[in-house]
Amino acid sequence: MVSEHLRRMREMRRWEVSELSRRSGVPANIILLTESGEHIPSQVNTVRLGVALRVDVTHLLKVRESAFDN
């Protein structure tokens, strides 16, 4: 799930939600909703988060898309 990936990657960097928000340009409330599993970020926000976290954006997009397969 996107929520698990996002939280794990953010915590590995020891970033607060506010830091990821600042680096990605994605509002903190969207990040919190995503990490709680209540929201699936848009493709644009997924890319922004992936770039900020310096992770494989293609993989993160695939994880996001899999949420719609269920």
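The values are calculated or read from the model by the stated rules, or taken from the named source; none is laboratory data. Note that the structure is a prediction, hence the values are computed from the model and not measured. Cβ placement follows ideal geometry from the backbone for every residue including glycine, while neighbour counts extend to all protein chains displayed. What goes into the accessible areas is simple: the full protein's heavy atoms, side chains included, and nothing from ligands, DNA or RNA. Shrake-Rupley method; radii C 1.70, N 1.55, O 1.52, S 1.80 Å.
Identification of helices (runs of 4 or more DSSP H) wholly contained in the chain with 3 or more residues that are among the polar types (S, T, N, Q) and without any contact (Cβ under 8 Å) to a residue 60 or more places away in the chain yields 17-24, 43-53.
Filter segment 31-70 for residues that are modelled with pLDDT under 90, closer than 15 Å to Ser3 by Cα and of a type in the set (D, E, K, R) and give the result. Scanning segment 31-70 gives a single hit, Glu65. Taken over segment 1-37, residues that are open to solvent by 80 Å² or more (accessible area, probe 1.4 Å) and closer than 12 Å to Ala67 by Cβ amount to 2.
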